[in-house]
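Colleague: Right, I'll just put the structure down here and ask away after.
The values are calculated or read from the model by the stated rules, or taken from the named source; none is laboratory data. Not measured: the values here are computed from a predicted model. Because the Cβ atoms are built from the backbone with ideal geometry, glycine has one as well, and the counts that use them run over all protein chains shown.
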Amino acid sequence: MDSGFDQDRTHGDGVAYARERDAEDPLSSFRDRFDVPGEIYLDGNSLGPISDAAERSLERAVEEWRNMGIGGWTEAERPWFWYGESLGDDLAPLVGANEAEVVVANSTTVNIHTLVGTFLDARGDRPPGILVDELDFPTDHYAIRAQLRQRGYDPDEHLHVVESRDGRTIAEADVVAALDEREVGIVFLPSVLYRSGQRLDIERITAAAHDRNVLAGFDLAHSVGVVPHELSAHGVDFAVWCSYKYLNAGPGAIAGLYVNERHLGTTPALAGWWGHEKETQFEMRERFVPAESAGAWQIGTIPVLSAAPLAGALELVDEAGIGAIRAKSLALTDYLVHLVDEKLGALNCSVGTPREPAERGGHVAIEHPDAERVSQALRDRGIVVDFRPPNVIRVSPAPLYTRFVDVWEFTERLRAVLEDGAYETVDTDGTVS
């Protein structure tokens, strides 16, 4: 996808270019729909800010609770009884799935537990080995190891890890080679690496897995809402994601999951009454009957108040269009990469994110030897970024509320912090935001 970034136009006054791009931006009006914390907020890959639509949908749920009480389960604007399925219908276009294949449920880690466990139990003649990579977000490995242990498999023997060649990225050729070299029944990888922002080719990996009778699952936490997906078209078997990053649904917001239609009807590893077929759920049968949809992987009663903001947040994403969001994201990250190269290379900064747009998610990893102190110095000055060990400042110019002038101003402030040595006196307590 073309980012629309024209490097030649950046010559001369950088801020003039940024203002020009903002004036041309078809998504510029969405910024006014958000309450953006700090002077410049570039941490939406960790937690997106609140929007007017998300706040309204939360307030609506509170009022329904106030006025309807238990009647909200059937009489609310979105009946709570079907809330997970209804929000799944809204999410389906963002991940390229049929409505029955998507549901809002649980947390991301719980969804990894239940889906990995499900496909370990239903693996047929596939080996129990699971292929991951060394740059995954740690919770993925914690959950997978636990599911292997619970089935009597030694994780050190059956968890196969693809190593990085450079400490930043994963070579897809190495993933394919590992599928040939190791006994694997499931591959489970992130769509975008949380530290470097590398985007993996889901279609290629899924095709390679299926050619070898291996199931393909993905963690979309760092891509859903900023990168379009075509899970059904690519034949992906299952996927999970959170909704508090680029979907801007709030801290601890409910997560989502996808299960390809060919697997619907499989009994979930973690069965709970909210995943029971809806038509007979209140008959309180002794035996679990899974819903004939992704809704079967719901476990407990949906937490309406932590799901409600997602309804409004998805309205904004739908209004903007995921294609336009991706195009602006690429333009913003292209611009950021260019400015880091131009202004900060001599100050020990480098870009650890792939340069090729198709290989990049929604954030950029800026590397510096003292990244933790630099990140804190920026936050002390109202520039909200985050740090990932050992040397990464993660910068996320989220398209719905970040301007090109914000990116320009960020690099100016970063240059000032580095040139005057302000970060050298910053105290850090070792915590990571």
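Colleague: If a residue must be over 30 Å from F410 (Cα atoms) and in contact with a helix residue (DSSP H, G or I) (Cβ under 6 Å, 6 or more places away or on another chain), how many such residues does the stretch 27-64 contain?
Modeller: At the first step, the residues of the stretch 27-64 found to be over 30 Å from F410 (Cα atoms) are 56-64.
If we keep only those that are in contact with a helix residue (DSSP H, G or I) (Cβ under 6 Å, 6 or more places away or on another chain) as well, we get 56-58, 61, 64.
So the answer is 5.
Colleague: From the list G88, G96, G84, pick out the single residue that is in contact with a Leu (Cβ under 7 Å, 6 or more places away or on another chain) and modelled with pLDDT of 95 or more.
Modeller: Details: G88 fails: in contact with a Leu (Cβ under 7 Å, 6 or more places away or on another chain); G84 fails: in contact with a Leu (Cβ under 7 Å, 6 or more places away or on another chain).
Every option except G96 fails the conditions.
Colleague: Inside the stretch 317-349, can you point out the residues that are basic (K, R), within 30 Å of G421 (Cα to Cα) and surrounded by 19 or more Cβ atoms within 10 Å (Cβ to Cβ)?
Modeller: Answer for the stretch 317-349, where residues must be basic (K, R), within 30 Å of G421 (Cα to Cα) and surrounded by 19 or more Cβ atoms within 10 Å (Cβ to Cβ): there is none.
Colleague: Which condition from (1) surrounded by fewer than 22 Cβ atoms within 10 Å (Cβ to Cβ); (2) outside any loop (DSSP other than H, G, I, E, B) is the one that E292 breaks?
Modeller: (2)
Colleague: If the requirement is being at pLDDT 95 or above and in contact with an Asp or Glu (Cβ under 8 Å, 6 or more places away or on another chain), which of these qualifies: G185, G197, G152, G217? Outline the logic, then answer.
Modeller: On the way: G185 fails: in contact with an Asp or Glu (Cβ under 8 Å, 6 or more places away or on another chain); G197 fails: in contact with an Asp or Glu (Cβ under 8 Å, 6 or more places away or on another chain); G152 fails: in contact with an Asp or Glu (Cβ under 8 Å, 6 or more places away or on another chain).
Selected residue: G217, the only one of G185, G197, G152, G217 that is at pLDDT 95 or above and in contact with an Asp or Glu (Cβ under 8 Å, 6 or more places away or on another chain).
Colleague: Further question: How about the stretch 24-117: which helices (runs of 4 or more DSSP H) wholly inside it have at least 3 residues that are touching a residue at least 12 places away in the same chain (Cβ under 8 Å) and more than 21 Å from the chain's Cα centre (by Cα)?
Modeller: 52-68
Colleague: Return yes when V337 is touching a strand residue (DSSP E or B) at 6+ places or on another chain (Cβ under 8 Å), assigned by TED's automatic domain parsing to the domain that holds A416 and free of Cβ contacts under 8 Å to residues at least 60 places away in the same chain and no when it is not.
Modeller: yes
Colleague: One residue is enough: does the stretch 197-208 have a residue meeting the conditions out of contact with any helix residue (DSSP H, G or I) (no Cβ under 7 Å at 6 or more places or on another chain) and either part of a strand (DSSP E or B) or buried (at least 24 other Cβ atoms within 10 Å of the Cβ) (or both)?
Modeller: Yes, some residue in the stretch 197-208 is out of contact with any helix residue (DSSP H, G or I) (no Cβ under 7 Å at 6 or more places or on another chain) and either part of a strand (DSSP E or B) or buried (at least 24 other Cβ atoms within 10 Å of the Cβ) (or both).
Colleague: Taking the stretch 118-142 as the search range and keeping residues that are crowded, with 22+ Cβ neighbours inside 10 Å and farther than 21 Å from D174 by Cβ, which one is farthest from the chain's Cα centre (by Cα)?
Modeller: Looking at residues that are crowded, with 22+ Cβ neighbours inside 10 Å and farther than 21 Å from D174 by Cβ, I get L120.
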